[in-house]
1. First measure r as the distance between the Cβ atoms of ALA126 and ASP33, then evaluate 1/(1 + (r/R0)^6) with R0 = 41 Å and state the FRET efficiency to the nearest 0.05.
2. In whole Hz, with x marking every Gly and Pro, tabulate ³J(HN,Hα) for the range 115-122 from phi via Karplus 6.51 cos²θ - 1.76 cosθ + 1.60, θ = phi - 60°.
3. One-quarter of the Cα convex hull surface for the range 216-349, in nm²?
4. Between LYS246 and ASN113, what FRET efficiency follows from the Cβ-Cβ distance if R0 is 41 Å, with the result rounded to 0.05?
5. Could you work out how much longer the chain between SER94 and THR261 gets when fully extended? Use 0.36 nm per residue separation minus the Cα distance between them, nm to one decimal.
6. In whole percent, how big is the carbon plus sulfur part of the accessible area of the range 298-342, probe 1.4 Å, protein atoms only?
7. Quick one: net charge around VAL15, please, counting Lys, Arg +1 and Asp, Glu -1 for every other residue with C-beta under 13 Å from its C-beta.
8. Within the accessible area of the range 193-276, what % is carbon and sulfur when the probe is 1.4 Å and the other protein chains stay in place?
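The values are calculated or read from the model by the stated rules, or taken from the named source; none is laboratory data. This is a predicted model, so every value here is computed, not measured. All Cβ positions, even for glycine, are placed from backbone atoms using ideal geometry, and neighbour counts span all protein chains on display. To get the accessible areas, we keep the full protein, side chains included, count just its heavy atoms, and leave off ligands, DNA and RNA. Shrake-Rupley method; radii C 1.70, N 1.55, O 1.52, S 1.80 Å.
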Amino acid sequence: MMKKQKSVKYIYQDVRFRIIERSGHWNLDFFIDNKRQRRSTSLKANSDNLLIIKKEIIPELMLGLTGANIALEEEFDDSKDMTVEEFGIKSINSNKPNIKPHVYERKMAAFKNYVVPYFGKTKISAIKPMDIQDWQNRLLTTLTPSSAQKYRSIFYNILQDAFINEIIVKNPMQLVKAPKQKSKKNTLFDEEEDVMPFNNAEIKLILEDTQLFEHNKNFYKLMLFTGMRPGEAVALRWQDILFDKKQIKIMQTRVAGKDGTPKTMSSMRYVDILPQTLEVLQNQQKLTEDKEYLFYTRSGKRYFSHDTLAASFKRLLTRNKIKERVLYNLRHTFASQMISQGVDIVWVSKTLGHKDVSITLSTYTKFIQEDEATRFQKLEKFGTIFDTLANT
């Protein structure tokens with residue numbers, strides 16, 4: 001079967017152009033003064049080059065054929081004819097200098113994976129609120145409300161750019177309600193869905209698993225004994241391990257193959273090295289001491305992100321018949337173990353890299369538990385404070 005030719009109709013200064021794909025390149029077909037004109041270009045047939053043809057090639061061609069500098073006589077603006085894909089890429093790229101590289105890549109990937117398949121070829125000026133609602137409903141068939149909200153936010157900003165630049169008269173998403181998310185206020189069940197630390201029996205199974213790649217085992221232990229985020233652990237260099245001070249310096253995180261600074265200032269911190277942590281570091285030192293970073297793949301390359309380690313962790317849980325949870329719960333396990341054993345909450349908060357203690361308390365308060373005998377002992381102890389004051 002013959003492949004159907006791709007063509008785009010375009011009107012410039014009352015001249016009707018057909019921009020046709022031939023052999024993977026754009027070509028022009030149009031009439032001027034009742035004479036048919038055909039022009040080939042060396043530009044590959046993609047959306048970026050289509051915009052170049054509309055913005056640059058056709059105005060220059062018309063100038064050469066008519067002798068009139070139409071581009072100077074009247075400002076050329078085909079923005080309203082831009083598709084969602086064309087304008088979306090332009091919008092995200094315009095903000096690239098203001099955001100971190102991994103954030104830019106995530107936004108662009110999310111746009112291409114979740115917006116373009118539905119709206120890509122639609123003119124951005126033609127989108128209606130009903131279209132947004134339909135797209136949002138489709139997202140919710142496979143995604144959680146929070147994930148759908150994240151992609152909606154990216155698309156909202158693109159549409160808002162179009163509104164600010166007077167390409168659309170109103171942002172259609174403003175008329176569509178965001179997907180409802182479960183409220184986490186005073187709902188213990190929802191909190192436990194997010195924070196599900198491992199119990200002592202599960203920790204034992206994780207630590208004693210014999211099928212783990214040595215690098216992976218040390219990685220999971222390091223998270224468990226420090227409360228480090230997985231991206232922070234992947235980014236660790238040996239120069240960040242201060243053995244003499246018994247501290248680990250955390251100044252970067254790794255996302256999508258790139259190292260960058262953590263998202264908040266409080267995340268840049270020093271983590272104390274517990275005896276168990278020291279043992280893990282010494283074991284890992286035997287494996288990669290001659291290299292810059294602590295952790296590498298089986299092939300000796302740096303991890304692109306912690307996703308591979310997360311997949312390995314999932315298999316570990318399955319073979320040990322442990323309820324499936326994300327890798328991040330090793331961090332939660334560290335925090336809940338420390339807090340339940342009465343460790344100073346301020347120390348725990350700083351170790352985790354929280355902005356303030358209130359964040360730590362709101363997340364882990366339910367793990368601050370004690371038996372009646374312990375509570376009674378504390379009451380007696382607290383009471384002596386006032387005895388001392390009364391005798392002064």
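1. Between ALA126 and ASP33 the formula returns 0.80.
2. 10, 4, x, 9, 10, x, 8, 7
3. Numbers: hull surface 34.6 nm².
It is 8.6 nm².
4. Values: r = 44 Å, r/R0 = 1.07.
Between LYS246 and ASN113 the formula returns 0.40.
5. On the way: separation 167, 0.36 × 167 = 60.12 nm, distance 2.19 nm.
Taking SER94 through THR261 to full extension adds about 57.9 nm, to one decimal.
6. 51
7. Working: positive: LYS9, ARG16, ARG18, LYS35, ARG36, ARG39, LYS54; negative: ASP14, ASP29, ASP33.
That sum, taken over residues with Cβ under 13 Å, equals +4.
8. Details: 2000 of 3830 Å².
Exposed carbon and sulfur together represent 52 percent of the surface.
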